[in-house]
Amino acid sequence: MTRWTVLPERFDSPDAIALRRDYYADVAGSYWRRHITDAEIDEGLADDDAALLTAPTGEFAVGRHDGEAAACGGVLLLDAERAELTRVFVRPAFRGTGGGSALLTALEDAARRLGARRMVLNTRLDLVGARTLYTRHGYREIPAYCEGPYMDVWYGRELVHGADGAAA
């Protein structure tokens, strides 16, 4: 039986760097409809602000499938109430195995630990698999909370807490 584990990890660990490179190649390649060069990946990651995905402003996580680094994502506090879901990625060979759901659960827990009550995100219309994952997990379209060249749709979700205040 295969199993996913998702744990916080520094954004600059060797596995996190490899996953972030794969993420950038995947989303940029899809957008530009061509193979992305190593130089383009280097340029894209040079100013991606991943260092913000550390306490107290955020958290980065790596998902492992039977011990192999296969997914990543982060949360970034936008203000006292909201955290942004960012850099959510599952390597293509591991898609459809539950990694996206495991990653979302872990990142929502991280956002709660950071004090957020609501999770927001932005994505592109062509990233159908990602949009399906988000809506399956209760994310709904919201008005734009930011703007940029690679943003077509915005989603949000309340981070539910139980009656005792603990995360549900």
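So here's what we get for this one:
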read-out: For the range 44-164, accessible area per residue (1.4 Å probe, heavy atoms of protein chains only), Å²; value: 48
read-out: Built amide H within the under 5 Å cut-off of Gly58, gap 5+; value: Leu77
read-out: Formal net charge of residues neighbouring Leu76 (Cβ-Cβ distance under 11 Å; K, R +1; D, E -1); value: -2
read-out: On Cα atoms only, tilt of 14-32 relative to the major axis of the chain in degrees; value: 70
read-out: For the range 145-152, Karplus couplings with θ = phi - 60° (6.51, -1.76, 1.60), whole Hz, Gly/Pro x; value: 10, 7, 9, x, x, 10, 10, 10
read-out: Contour excess over end-to-end distance, with Cα ends at Ala46 and Ala144 and 0.36 nm allotted per residue; value: 32.7 nm
read-out: Fully extended contour minus Cα-Cα distance, from Ala28 to Thr132, at 0.36 nm per residue; value: 35.5 nm
read-out: Carbon and sulfur %, accessible surface of the chain computed with the full protein complex present, 1.4 Å; value: 53
read-out: Three-way shape label, the range 29-68, alpha-carbon gyration tensor, a/c 1.5; value: oblate
read-out: Label-reachable residues, the range 16-37, where backbone N falls under 15 Å from a point 7 Å from Asp152's Cα toward its Cβ; value: 27-34
read-out: Net charge of neighbours whose Cβ lies under 12 Å from the Cβ of Ala130, counting Lys and Arg as +1 and Asp and Glu as -1; value: +2
read-out: Neighbour count of at most 16 Cβ within 10 Å plus DSSP loop: longest chymotrypsin sites (Phe, Trp or Tyr not before Pro)-free window in the chain; value: 1-144
read-out: Options Pro92, Pro8, Ala55, ranked by Cα towards positive dipole end of the chain, top entry (Cβ charges); value: Pro92
read-out: Ellipticity estimate at 222 nm from DSSP helix runs (n ≥ 4, -39,500 (n - 2.57)) divided over the chain, nearest 500; value: -10000 deg cm²/dmol
read-out: Rounded to 10°, Cα long-axis angle of helix 99-113 versus longest principal axis of the chain; value: 50
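The values are calculated or read from the model by the stated rules, or taken from the named source; none is laboratory data. Since the structure is predicted, the reported quantities are computational estimates derived from the model, not experimental observations. In this analysis, Cβ positions are derived from the backbone assuming ideal geometry, glycine residues included, and neighbour counts consider all displayed protein chains. The protein model used for the area step is the full one, side chains on, heavy atoms only, and it has no ligands, DNA or RNA in it. Shrake-Rupley method; radii C 1.70, N 1.55, O 1.52, S 1.80 Å.
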